[in-house]
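Structure record follows, encoded as structure tokens.
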Amino acid sequence: MSSDVNRSEPFGGVKPAGFVSPKTVALYGILTALTAAITYASYTPFSPTKGYFNLGDSMVFFSALTLGWRAGSVCGGIGSAAADILLGSGIYAPITLVAKGGEGFLSGVIGRTKNGTTWRIVAGICVGGSFMILTYFFGELIVLDVGLGKALAEVPINIGQVVLGGIIGALLSYYVRRSYPSLTAS
Amino acid sequence: MPGFVDLYTEADTFLHRMDPRVKILAVILLSLLAFVLSGLYSLLVLLAFIFLLLFLARATLSRTLFALKFVLRFMVLIIILWPIFDPSGTPVLASFGPVKITEPAVWRGVTSAARVGCLATVWYILMFTTSQRDLVRALVKMGVRFDFGLALAISLRFLPTFGALIDSIKDAQRARGLELAKGGPLRRSRNYVAVLVPTIVSALRTADSLSLALQSRAYGARADRTYLRDLRMRSSDGLVLGILIAIFVLPILAKYMLNIDI
């Protein structure tokens, strides 16, 4: 878990009065920006009828699996919602905040353990991903009231997004931990 | 990749000068109003009102179109798909096998599309007229913890930086022979890992030096921090707030107390 106090680091070890440590603030701010930027950069509209595809989910899973549920929910939720606003689909932003935030939370709680076994990571991605898909479905159906047809049309795309995002997020978590070990040294 | 759009445009309209807290409240209240209203005409009036505000905020045509680009496609889809999945109502307009298109269903689809249009465009009243700094300042004033506000400000600040970073890493990897625009989604995404790993590592380095910078500027040395610039509600802000609440409350009164169907 990305704790507020990080003792093994030369800096960031001092917790200032009443606030979270500067390391946490910087890391969360940067990861949020990164989530939004990657969602934005990998945005590919792929069919004439509807929808787009992006790798935002892989960043949510990456944050959750590498740094824990707190980073997963905060950076995933806020970063993805910011990307929604920037991409011109601001209507989704509140739903995205809940859907991706919950996705990051669940996959972080379930998927991140001390020496993460593969099946726990898979379970975390599956549970988090299902939460995201269900939130979007019911959010569109009940909150936005767009009708069953539109809400159903979104489900297969979201499933594809979770599968790809999960695979890539887990890969990223593995690669980045290997090339930047001090990240999880705490 | 298209360059990052900073939604904020510099101008000197009353919306730009307004206290950002009032604008945040306006967006929330107008969004809630879109859920309260259920008639097509009242929703269209609300939509027209939102567009009037966007116009008064000197949103240029290209910016307004940007806000609409995604929403229009979305609205068209709702109008098309709604009647197909909703066979209720009597005047059947057309039927193809099991699918019946009925007149009330068509109107319900249009109404829902109008509501979605309101909800999608109301954001831009705030986003076009409020600088990021004011936005974060307003959130902190409204009770968001200062450190969360700072993290949000950092992320907004670094968004365009990372956009450019991703672009240059993409170019660098392409020069090494990586193909990003080839193959199906799976293959394409797999290739994207070669872009994402350097991006993330570079971003994490930025985070490290940023935390040093924060530390060296005595971030969080005192819990009772002071501000150089403060937000103050002026009388015109109070007036707008009053009008806003009236716009929000009157339709609700009409709907639930007087039972007028709007």
**Study point:** Within the range B:54-67, tally of residues that are open to solvent by 30 Å² or more (accessible area, probe 1.4 Å), touching a residue at least 12 places away in the same chain (Cβ under 8 Å) and within 12 Å of chain A (Cβ to nearest Cβ)
**Key:** 2
**Study point:** Unmet requirement for B:F96, which otherwise passes all of (1) open to solvent by 40 Å² or more (accessible area, probe 1.4 Å); (2) within 29 Å of B:L25 (Cα to Cα)
**Key:** (2)
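Would you be able to say whether some residue in the range B:86-105 is free of Cβ contacts under 8 Å to residues at least 24 places away in the same chain, within 16 Å of the chain's Cα centre (by Cα) and either facing chain A (nearest Cβ under 8 Å) or in a helix (DSSP H, G or I) (or both)?
Step one: list which residues in the range B:86-105 are free of Cβ contacts under 8 Å to residues at least 24 places away in the same chain, which gives B:86-105.
Filter again for within 16 Å of the chain's Cα centre (by Cα), leaving none.
No: zero hits.
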Practice item. Return the residue satisfying two criteria in turn: it lies in the range B:204-247 and is basic (K, R) and within 30 Å of A:S179 (Cβ to Cβ), and of such residues it is least open to solvent (accessible area, probe 1.4 Å). Key: B:R205
Review point. Is it true that B:D167 is at the interface with chain A (Cβ under 7 Å from one of its Cβ atoms) and more than 17 Å from the chain's Cα centre (by Cα)?
Key: no
Review point. Could you list, in sequence order, the residues of the range A:146-180 that are more than 17 Å from A:A123 (Cβ to Cβ), open to solvent by 60 Å² or more (accessible area, probe 1.4 Å) and more than 7 Å from chain B (Cβ to nearest Cβ)?
Key: A:L152, A:P156, A:R177, A:R178
Practice item. Please indicate, with yes or no, whether at least one residue in the range A:104-115 is more than 14 Å from chain B (Cβ to nearest Cβ), of a type in the set (S, T, Y), assigned to a helix (DSSP H, G or I) and crowded, with 20+ Cβ neighbours inside 10 Å. Key: yes
Exercise for review: Please work out if A:G139 is touching a residue at least 60 places away in the same chain (Cβ under 8 Å) and out of contact with any Leu (no Cβ under 8 Å at 6 or more places or on another chain).
Suggested key: no
Check your understanding: From the residues in the range B:176-196 that are open to solvent by 90 Å² or more (accessible area, probe 1.4 Å) and more than 10 Å from chain A (Cβ to nearest Cβ), which one is modelled with the lowest pLDDT?
Key -> B:K182
Review point. If B:L253 passes every condition in (1) within 8 Å of chain A (Cβ to nearest Cβ); (2) surrounded by fewer than 17 Cβ atoms within 10 Å (Cβ to Cβ) but one, which one does it miss?
Key: (1)
Review point. What number of residues within the range B:66-107 are of a type in the set (D, E, K, R) and either within 30 Å of A:L86 (Cβ to Cβ) or not assigned by TED's automatic domain parsing to the domain that holds B:A120 (or both)?
Key: 2
Review point. For the range A:19-37, what are the residues that are without any contact (Cβ under 8 Å) to a residue 40 or more places away in the chain and more than 7 Å from chain B (Cβ to nearest Cβ)?
Key: A:S21, A:T24
Point to revise | Flag for B:I169 being over 17 Å from A:L86 (Cα atoms) and in contact with a Ser or Thr (Cβ under 6 Å, 6 or more places away or on another chain) | key: yes
Point to revise | the range B:99-114: number of residues that are over 12 Å from B:F85 (Cα atoms) and open to solvent by 30 Å² or more (accessible area, probe 1.4 Å) | key: 4
Check your understanding: Taking the range B:197-243 on its own, how many of its residues are more than 9 Å from every other protein chain (Cβ to nearest Cβ), among the hydroxyl-bearing types (S, T, Y) and in a loop (DSSP other than H, G, I, E, B)?
Key -> 2
Practice item. Would you point out the residue of the range B:126-152, among those that are part of a helix (DSSP H, G or I) and of a type outside the set (A, V, I, L, M, F, W, C), that is surrounded by the most Cβ atoms within 10 Å (Cβ to Cβ)? Key: B:T129
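The values are calculated or read from the model by the stated rules, or taken from the named source; none is laboratory data. Remember, predicted model here, so these are calculated numbers, not experimental data. Methodologically, a virtual Cβ is constructed for each residue, glycine included, from the backbone with ideal geometry; neighbour enumeration extends over all protein chains shown. Heads up: the accessible areas ignore ligands, DNA and RNA and are worked out on the full protein's heavy atoms, side chains in. Shrake-Rupley method; radii C 1.70, N 1.55, O 1.52, S 1.80 Å.
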